[in-house]
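Note sheet for the following structure.
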Amino acid sequence: MGKFTEYKLPLKSMPEGTQTFEYHLGKQFFVNMESADIHDADLTVSLTVDHKGELYNLDFQIEGTVTLICDRCLDDLIFPIATSYAISVKYGEDYNDDSDDLLVIPESDSYLNVAYMIYDTVALAVPIKHVHPLGKCNRQMSAMLRKHRARRTDDEDAELEETLIEEMDSMSDQPSDQPSDPRWDELRKLKDSDSDGGDSDE
């Protein structure tokens, strides 16, 4: 039995009319999907299929929670999900998903596996940034992060200063007929004054 066998819809044998399918998504579903963001879940998926003529209209309603990792403190972050997705499916000569609203599948396919449709719908409902509301983060981890950021900012400032000096040196070594940028002129003055101050101390 495959990982997503239970998500196969028997479209070819489905009578006309409306049918409803229910799924529960837990941790294993997202492990099987090799999800990097979602580490656990408690989701209910209600899928309504309305078969009319050659069209199968699919309507997904998904509710529950997913467990993410907070980008700020690395603790679990329980995020609520309430989302939906609708698409029409019909049979044709070849597979075609160029349209956002219509999926064409080959006549040879008796089933349509909706597992990836469900996964994509949930993934799109998850924000890019995973952070607890203000004041809800792990306090100890937040304090460590602030210290780390402070040290990193000082290092980045030093690197930026060194880069500016190197660029000024390279510009001063290369003669140019174009007028100099006044911003660089001011930086050169600062550099020259630092050099003069260093000589006077010796």
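Numbers for the structure displayed
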{"read-out": "Members of segment 1-38 that are assigned to a helix (DSSP H, G or I) and open to solvent by less than 40 Å² (accessible area, probe 1.4 Å)", "value": "Tyr7, Phe29, Phe30, Asn32"}
{"read-out": "Residue that is under 24 Å from His24 (Cα atoms) and open to solvent by 70 Å² or more (accessible area, probe 1.4 Å), where the choices are Asp120, Asp94", "value": "Asp120"}
{"read-out": "The listed residue being within 17 Å of the chain's Cα centre (by Cα) and in a loop (DSSP other than H, G, I, E, B), out of Asp94, Asp98, Asp109, Asp71", "value": "Asp71"}
{"read-out": "Candidate set: segment 75-84, residues that are surrounded by 14 or more Cβ atoms within 10 Å (Cβ to Cβ) and among the hydrophobic types (A, V, I, L, M, F, W, C); chosen: the one nearest to Cys137 (Cα to Cα)", "value": "Leu77"}
{"read-out": "Candidates Thr48, Thr67 - the one that is among the hydroxyl-bearing types (Ser, Thr, Tyr) and over 24 Å from Leu103 (Cα atoms)", "value": "Thr67"}
{"read-out": "Residue ID - nearest to the chain's Cα centre (by Cα), chosen from residues in segment 52-68 that are open to solvent by 70 Å² or more (accessible area, probe 1.4 Å) and not basic (Lys, Arg)", "value": "Glu63"}
{"read-out": "Segment 41-51: number of residues that are open to solvent by 60 Å² or more (accessible area, probe 1.4 Å) and among the acidic types (Asp, Glu)", "value": "1"}
{"read-out": "Failed condition for Asp71, given (1) at pLDDT below 95; (2) touching a helix residue (DSSP H, G or I) at 6+ places or on another chain (Cβ under 9 Å)", "value": "(2)"}
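The values are calculated or read from the model by the stated rules, or taken from the named source; none is laboratory data. Given the structure is predicted, the values throughout are model-derived calculations rather than measurements. Counting neighbours? That spans all protein chains shown, and the Cβs are built from the backbone with ideal geometry, glycine included. Remember, those area values only see protein heavy atoms, side chains included, never the ligands or the DNA or RNA. Shrake-Rupley method; radii C 1.70, N 1.55, O 1.52, S 1.80 Å.
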